[in-house]
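The values are calculated or read from the model by the stated rules, or taken from the named source; none is laboratory data. Every value quoted in this text rests on a predicted model; they were computed, and no experiment measured them. FYI the Cβ positions are ideal-geometry reconstructions off the backbone, even for glycines, and counts take in every protein chain you see.
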Amino acid sequence: MKERLQKLIAAAGLASRREAERWISADRVTVNGRVAGLGDQADVEEDRIEVDGRPLRLEQAKVYLLLNKPAGYVTTARDPQGRKVVSDLLRDVKVRVFAVGRLDLNTEGLLLLTNDGDLAARLTHPRHQVAKTYLVRMRGALNTSARQRLEEGVKLEDGLTAPAKVANVRSSGSHTWLELTINEGRNRQVRRMCEAVGCSVSRLKRIGLAFLLLEGLRLGQYRHLTTGEVKRLKKL
């Protein structure tokens, strides 16, 4: 049965569907020797599908990892600038995995990695509104007006954000700590939301994704998700 190429690439555990679409657009995918285009379909049993000249193979064992990412690592598979990548921390993982969503270079915390492209697509699709909770340290105080704007939605250059949840606000010297929960996944969204209401973020750590937490994981450590956790994610 023919299916879209990005779905087949994701099913093989090579990349998320979104990343696979970028590969197709970059002419890295061929079907029966012909460069493929977005929207093309193929049958894995009848067609020869290649990515970067390598045949596509399906049915790779699925891997689901929860990593406590340190600052100073990028979440791409490789970095042209030579910076450290999160895969450097996965020394005992023999299969290729990719991040579900991203944390920027200076953001720490919970990062889900997998080779299950279908699950990654569902978790990152805006329709499902998967909650992500961040521990934020900002310079100065969070005033009533700034908090209200965060909770009602902030106008950014790419549009109005969905309302965020602000909790556990507390002061520490010249800084304020708070927990901020969002249901979107825009680029650098938490930092940009805080900057838009006049707050400068000095530290950012993701501490929750849906029901997943960082309990028991030190910076740089990872663990495999349990079967029960994977099932719960698939039901989101």
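When each of Arg170, Arg203 is tested for being outside the structural domain of Leu105 (by TED's automatic domain parsing), modelled with pLDDT under 95 and of a type outside the set (Phe, Trp, Tyr), the lone residue that passes is Arg170. Kindly indicate whether Gly208 is surrounded by 13 or more Cβ atoms within 10 Å (Cβ to Cβ), touching a residue at least 60 places away in the same chain (Cβ under 8 Å) and on the phi > 0 side of the Ramachandran plot. No, not satisfied. Of the residues screened, Arg18 is not one that is within 24 Å of Gly228 (Cα to Cα), in contact (Cβ under 8 Å) with a residue 12 or more places away in the chain and outside any strand (DSSP E or B).
Of all residues in segment 71-94, those that are surrounded by 17 or more Cβ atoms within 10 Å (Cβ to Cβ) have Cβ atoms under 8 Å from Cβ atoms of residues that are among the hydroxyl-bearing types (Ser, Thr, Tyr) and not in a loop (DSSP other than H, G, I, E, B), 6 or more apart or on another chain, in Val86/Tyr73; Leu89/Tyr73; Leu89/Tyr222; Leu90/Tyr222. Screening the candidates Leu110, Leu142 for the property of being in contact with a Lys or Arg (Cβ under 7 Å, 6 or more places away or on another chain), surrounded by 12 or more Cβ atoms within 10 Å (Cβ to Cβ) and closer than 30 Å to Ser200 by Cα yields one hit, Leu110. Kindly list the number of the only condition in (1) in the same structural domain as Pro163 (by TED's automatic domain parsing); (2) more than 17 Å from Leu209 (Cα to Cα) that fails for Val136. All conditions are met except number (2). The set of residues in segment 182-203 being outside any helix (DSSP H, G or I) and over 15 Å from the mean Cα position of the chain (by Cα) consists of Val197, Gly198, Cys199, Ser200, Val201, Ser202, Arg203. The set of residues in segment 47-60 that are assigned to a loop (DSSP other than H, G, I, E, B) and either in contact (Cβ under 8 Å) with a residue 40 or more places away in the chain or under 16 Å from Ala11 (Cβ atoms) (or both) comprises Asp47, Leu56, Arg57, Leu58, Glu59, Gln60.
Against the test of being of a type outside the set (Asp, Glu), crowded, with 20+ Cβ neighbours inside 10 Å and over 21 Å from the mean Cα position of the chain (by Cα), the options Ile49, Ile24 yield a single qualifying residue, Ile49.
Being hydrophobic (A, V, I, L, M, F, W, C), out of contact with any Leu (no Cβ under 8 Å at 6 or more places or on another chain) and in a loop (DSSP other than H, G, I, E, B), is that true of even one residue in segment 109-126? No. In segment 56-70, the qualifying residues are those that are in contact with a strand residue (DSSP E or B) (Cβ under 8 Å, 6 or more places away or on another chain) and modelled with pLDDT under 90, and the one that is surrounded by the fewest Cβ atoms within 10 Å (Cβ to Cβ) is Lys62. Scanning segment 115-132 for residues that are without any contact (Cβ under 8 Å) to a residue 60 or more places away in the chain and under 12 Å from the mean Cα position of the chain (by Cα) yields a total of 1.
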